Structures are given as C-alpha cells and as structure tokens.
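Asks: Right, I'll just put the structure down here and ask away after.
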Amino acid sequence: ATVAALDDEDTAASATDTATVTYSNVDPAITVVKTVDADGEGFSDSESVAEGTAGQTVDYQYVLTNTSAASTDPLTITSLLDDRGTVAPGDDINVLTAGTRVQTGGDDDELLESGETWTYTVTDVTVPVGNVGETHVNTATVAALDDEDTAASATDTATVTYTDVAPAITVVKTVDAD
C-alpha cells in the first residue's frame, strides 16, 4: 500500500509498505456412515435376519461427507471398500464400481466438495449363515485426497444379527397291516 500526504507547508511525503498473507495447509477430513437394510423397511446401524438360513441378502448404504475445515479443499475419493465382515481382502466389495451413487448438493462433478454428500448403495449382498445371538459386523473404509494430495480416511460399521427361528419337526406315521 502507498500513502501520500502534504504537510502544513505543502511539502509532499509518501511511504510504501507491503504485507504478505500466507496460507497454511489444513488437513482434509471425511466421514462415512454405513447402514444396513435386511427387511426393505429402511436403513439402520443394525438389522436382523433369520438364523440358520442360507442365501439371505441385505442392502448396504454408505453416506460420504466432506467434513474438511477448509471449504476450498475438494476431495477425490480414491477408494471405498466394504470388507464383507471378513479379514481376507479378496472378497471385499469395491463400492465405487459395484454401488449406485446419488449426489446431494454441489455440482455433480467427480469432487466431493464442502457441503456435498454422496450416497452409495450396494444391493443383494449375501450374509453368512449364523446362529441366534451371533453378529456379523461389516466395515466400510473410505480413502480420499484433497487438492494438495493430503490423505483423509474414515471407517464405519453396520451389524447383522440373527433372530431365533422356532424349531419344527414333522412325524409321518404309516401302518403296515401285513
């Protein structure tokens, strides 16, 4: 900035100075909220299926939100994996390719910006057979990079429990008259 002035004898005076503003990087932040729907009545943190029944499927939903303090840091989602409740990575679900995405807010580009929410849904995921009292805990992990290539990640779980199925028995009685 430059200032110019005249004193009481009309002598000119001026001065110039500069100021520098530097920006420090703010680490990005992201959240994922994972929910499950086993009965078609809506998503929640935990749902139940019948015990001892093979071939049961559930739907999973993953809600991603850019929670970075810097509103100028859009995120590029680099992975969104669902571990299917197992330790082995070979059966993970790549939600970015297997899921259906719906964006809320923003400009429908490939950057998760401040104020945007992306919701992915993966349907008809087979859950393992289990007994009453057991749980199947399933973890989703999202990884992202901001525009300075600084990493952010988050995880969340959804749980499938097993409900009791009443036992049944059928008796067939035959008579042999001979």
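Asks: Summarise the accessible area of the stretch 17-155 (1.4 Å probe, protein heavy atoms) by the percent that is carbon and sulfur.
Replies: Exposed carbon and sulfur together represent 49 percent of the surface.
Asks: May I pose another question? Run the numbers on the chain and let me know its relative contact order in percent, using alpha-carbon pairs under 8 Å that are six or more apart.
Replies: 27 percent
Asks: Keeping every protein chain present and rolling a 1.4 Å probe, give me the accessible area per residue for the stretch 1-145 in Å².
Replies: Result: 57 Å² of accessible area for each residue.
Asks: Another one. Calculate log10 I(q)/I(0) of the stretch 18-123 for q = 0.12, 0.13 Å⁻¹, where I(q) comes from the Debye formula with a single equal point scatterer on each Cα and nothing for solvent.
Replies: -0.52, -0.59
Asks: I need the phi-derived Karplus couplings for the stretch 15-23: 6.51 cos²θ - 1.76 cosθ + 1.60, θ = phi - 60°, integer Hz, Gly and Pro marked x.
Replies: In residue order, the calculated couplings are 8, 10, 8, 10, 9, 10, 10, 10, 10 Hz.
Asks: How long are the three semi-axes of the equivalent ellipsoid of the stretch 1-46, in whole Å, if each is the root of 5 times an eigenvalue of the C-alpha gyration tensor, listed from largest down?
Replies: Ellipsoid semi-axes (Å, largest first): 68, 13, 5.
Asks: In addition: Mean 1/r over all different Cα pairs, inverted: what Kirkwood radius does the chain give, in Å?
Replies: That comes to 20.4 Å for the chain.
Asks: Give me the one-decimal Kirkwood hydrodynamic radius in Å for the stretch 70-139, with the sum taken over alpha-carbon pairs.
Replies: With all distinct Cα pairs of the stretch 70-139 included, I get 14.4 Å.
Asks: How big is the stretch 24-86 in terms of Cα radius of gyration and Dmax, in angstroms?
Replies: Cα-based Rg and Dmax for the stretch 24-86 come out at 16.5, 56 Å.
Asks: Restricting things to Cα coordinates, could you compute the convex hull volume per residue of the stretch 99-178 in Å³?
Replies: It comes to 170 Å³ per residue, whole-number rounded.
Asks: For a protection proxy built on the mean count of beta-carbon atoms within 10 angstrom, sort 101-108, 1-8, 151-158, 17-24 highest first, please.
Replies: Going from most to least packed, we get 151-158, 101-108, 1-8, 17-24.
The values are calculated or read from the model by the stated rules, or taken from the named source; none is laboratory data. Since this is a predicted model, take the numbers as computed values, not measurements. Glycine gets a Cβ as well: all are built from the backbone with ideal geometry, and neighbour counts include every protein chain shown. With ligands, DNA and RNA removed, areas are computed over all heavy atoms of the protein, side chains included. Shrake-Rupley method; radii C 1.70, N 1.55, O 1.52, S 1.80 Å.
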